[in-house]
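Heads up, the thing below is written out as structure tokens.
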2 protein chains.
Amino acid sequence: MDFKSKLEKAITKNNSLLCVGLDPDPAKFKKGQSQFQFNKKIINETANLVCCFKPQIAYFAANGASGVEDLKKTIEYIKKNYPGLPVILDAKRADIGSTSEMYTKEIFDYFGADAVTVNPYMGLDSLEPFFNRKDRGIIILCHTSNPSSADFQELSINGQPLYIKVAQKVVQWNRKYKNLLLVVGATNPDQMKRVRRVASDLIFLVPGIGAQGGDLETTLKNGLTKNGRGLIISASRSIIYARNPRQEAKKLKDEINKHR
Amino acid sequence: MDFKSKLEKAITKNNSLLCVGLDPDPAKFKKGQSQFQFNKKIINETANLVCCFKPQIAYFAANGASGVEDLKKTIEYIKKNYPGLPVILDAKRADIGSTSEMYTKEIFDYFGADAVTVNPYMGLDSLEPFFNRKDRGIIILCHTSNPSSADFQELSINGQPLYIKVAQKVVQWNRKYKNLLLVVGATNPDQMKRVRRVASDLIFLVPGIGAQGGDLETTLKNGLTKNGRGLIISASRSIIYARNPRQEAKKLKDEINKHR
């Protein structure tokens, strides 16, 4: 099953747009516990509350080969125990075509992720090796949730900001590839409204809720598609380091559903 | 010693602006040979002809944990046997600040690279964790060498293309951080001329010579600083897969010096 079908089924089954981000920082949890063990607990506690999981590769890569193995085990664990839940690997990759080809091997073949985040700066041929993996979801950075996102993303090109140019290109590319999504942060609800206007059918991966302080209600109002879907609301630190991650995830899931 | 001082010393010692890119694709070499063994041979054959080495992390990551270990061994081998030669890890990273922090651990602490390539799309706070590593070189994508680089990099902002806006920002940031460089591809010599005009003192990492077909003479004419330096000319496939890598590297090094 391709990423988008799998995602839509999971949204229906768990009645949830929530994505739990797996960003395990060993400095923040019990000594002796592996990143995999930390993740396993979070996964088991939240699996029937989410539509997908999103490990952030940097947290594993920081620990070298052993971190890489913990990430692989994490994804294998989800696939084995919760086969209906897709895994987005947050990696923000892209390079010249031959190199991006290697990244697809890392992300889809070695780790087995269902979807990946990519960076548009280098243009279409840097992204095509990802796009060509038709059964995977490719999620292109559009307007990100960090404070400096405006540095380049909001520069104006004939009256339109760069992030809108990116959204327009992705809409155009998606007519051919059909497996594209966008990253649109929750910290700038006005920008989300503008992106939704040009990308009416694309699914947005939405970071910035939780630790980053994005406004949930306005985000949903501005980003949901007509059928009350079209958004994957991602939270990481605010859930995984909560005293009760399940309770925190349930609260956010319910809060999202209240506004759908 | 910081990256730029180490680089300048290596340029002087080996009288070379050549950087050999280590992109070992197991499909292209002898079965049973590890990526580390392949690299070791290339390193030993070319070490006194280059000013630095540039492993491309994707080629190793494609092989999972064992590739990661081969990359680590490769960098350790260079540091042990050729301690005067800096290592640029080509990784094109950047994410929200807390995640970029993790990438600095991967790239500088785990792998021990002297410099890294990063992607500017997310703006300053996504790059600062890298910039703060003052003894390392941070090389920001400006105008890349791939065919689709124009998709976004050449969009016009009040008459100036995005890549020039990036160059201007980096020049400004470098007044504070002093450890920044730019990636400017050799496949577009006119663009290199424009970047040199706004970034007169920055060192450019120049991919695109060799397999990608950039014009060396014009590149040097448009990119060299007044002292005949300011460029790191990188070639990977055209050297590492040559019948005689040392001879190929020597030829390119001499060709570069002819025009300095």
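FYI, it's all coordinate maths here, none of it is from the lab. Predicted, not measured: the structure shown is a model, and the values here were computed from it. Here Cβ is always computed from backbone atoms with ideal geometry, including for glycine, and neighbour counts include all displayed protein chains.
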>> How would the range A:1-119 be classified by its alpha-carbon gyration tensor: rounded, prolate or oblate, with rounded meaning a/c under 1.5 and the a/b versus b/c comparison settling the rest?
In response: oblate
> What nm distances, shortest first, do you get from the label point of B:ASP201 to those in the other copies when the point sits 7 angstrom along Cα to Cβ?
Replying inline: 5.3
> For chain A, what is the mean residue ellipticity at 222 nm derived from helices alone (per DSSP H run of n ≥ 4: -39500 (n - 2.57); sum divided by total residues; nearest 500 deg cm²/dmol)?
Replying inline: -13500 deg cm²/dmol
>> 5 Å is the cut-off here: which amide hydrogens, built 1.01 Å from N in the peptide plane, fall below it relative to A:GLY137, excluding neighbours closer than 5 in sequence?
In response: A:PHE3, A:ALA115, A:VAL116
> What is the fewest-to-most order of A:TYR241, B:TYR82, A:TYR59 by other Cβ atoms lying within 10 Å of their Cβ?
Replying inline: A:TYR241, B:TYR82, A:TYR59
> How would you classify the range B:144-223 from its alpha-carbon gyration tensor, with a ≥ b ≥ c the square roots of the eigenvalues: rounded for a/c under 1.5, else prolate if a/b is greater than b/c, otherwise oblate?
Replying inline: oblate
>> Per-residue Cβ counts within 10 Å, from other chains only, averaged over B:139-147: what number is that?
In response: 4
>> Ignoring solvent entirely, what values of log10 I(q)/I(0) come out of the Debye formula for the range B:3-258 at 0.08, 0.09, 0.10 Å⁻¹ when each Cα is a single scatterer?
In response: -0.28, -0.36, -0.45
> Residues of B:23-29, mean number of Cβ from any other protein chain within 10 Å of their own Cβ, rounded to a whole number?
Replying inline: 1
> Between B:MET1 and A:GLN160, what FRET efficiency follows from the Cβ-Cβ distance if R0 is 51 Å, with the result rounded to 0.05?
Replying inline: 0.65
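Using the crude model of +1 on Lys and Arg Cβ and -1 on Asp and Glu Cβ, and no other charge, please compute the dipole size for chain B relative to its Cα centre, in debye to 20. Display every interim value, and only then the final one.
Values: 40 positive and 26 negative charges, 177 e Å.
Dipole of chain B, to the nearest 20 debye: 840 debye.
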>> Give me B:ASP25, A:ASP190, B:ASP135 sorted ascending by neighbouring Cβ count inside 10 Å, so fewest comes first.
In response: A:ASP190, B:ASP135, B:ASP25
>> So for the range A:174-214, averaging the separation of alpha carbon pairs under 8 Å that are six or more residues apart and normalising by length, what relative contact order in percent results?
In response: 50
> Which of A:LYS13/A:LYS253; A:LYS6/A:LYS134; A:LYS169/B:LYS92; A:LYS193/A:LYS221 have a Cα-Cα distance over 18 Å?
Replying inline: A:LYS169/B:LYS92
> Considering amide H positions built from the backbone, and no H for Pro or chain starts, which residues 5 or more places from A:LEU205, or on another chain, come under 5 Å of its amide H?
Replying inline: A:LEU182, A:VAL183, A:VAL184, A:ILE232
>> If the reach is capped at under 14 angstrom between alpha carbons, list the aspartates and glutamates near B:LYS165, excluding any in the same chain fewer than eight residues apart.
In response: A:ASP151, A:GLU154, B:GLU154
> When we measure straight from the Cα of B:LYS258, which aspartates and glutamates land under 18 angstrom away, once same-chain ones fewer than 8 places off are left out?
Replying inline: B:ASP215, B:GLU217, B:GLU248
> Each residue of the range B:83-96 in turn: what ³J(HN,Hα) in whole Hz from Karplus with 6.51, -1.76, 1.60 and θ = phi - 60°, glycine and Pro shown as x?
Replying inline: x, x, 9, x, 10, 9, 9, 7, 9, 6, 8, 2, 7, 4
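How high is the relative contact order of chain B, in percent, counting Cα pairs under 8 Å that sit 6 or more residues apart?
Over chain B, the number comes to 20 percent.
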> So what's the projected area for the protein assembly as shown, the Cα convex hull averaged over all directions, in nm²?
Replying inline: 22.3
>> If neighbour count is taken as other Cβ atoms inside 10 Å, put B:MET102, B:MET192 in order from fewest to most.
In response: B:MET102, B:MET192
>> Going by amide H atoms built from the backbone, whose H comes under 5 Å of the H on A:ILE157, apart from near neighbours?
In response: A:LEU162
>> At 7 angstrom along the Cα-to-beta-carbon line, where would the label on B:GLY32 sit relative to the other copies? Give the distances in nm, shortest first.
In response: 4.5
> Which value, in debye to the nearest 20, gives the size of the charge dipole of the range A:132-217 about its Cα centre, when Lys and Arg are +1 and Asp and Glu are -1 at the Cβ?
Replying inline: 620
> Put a point 7 Å out from Cα along the line to Cβ at A:ASP125; what are the distances to that point in the other copies, in nm, shortest first?
Replying inline: 3.5
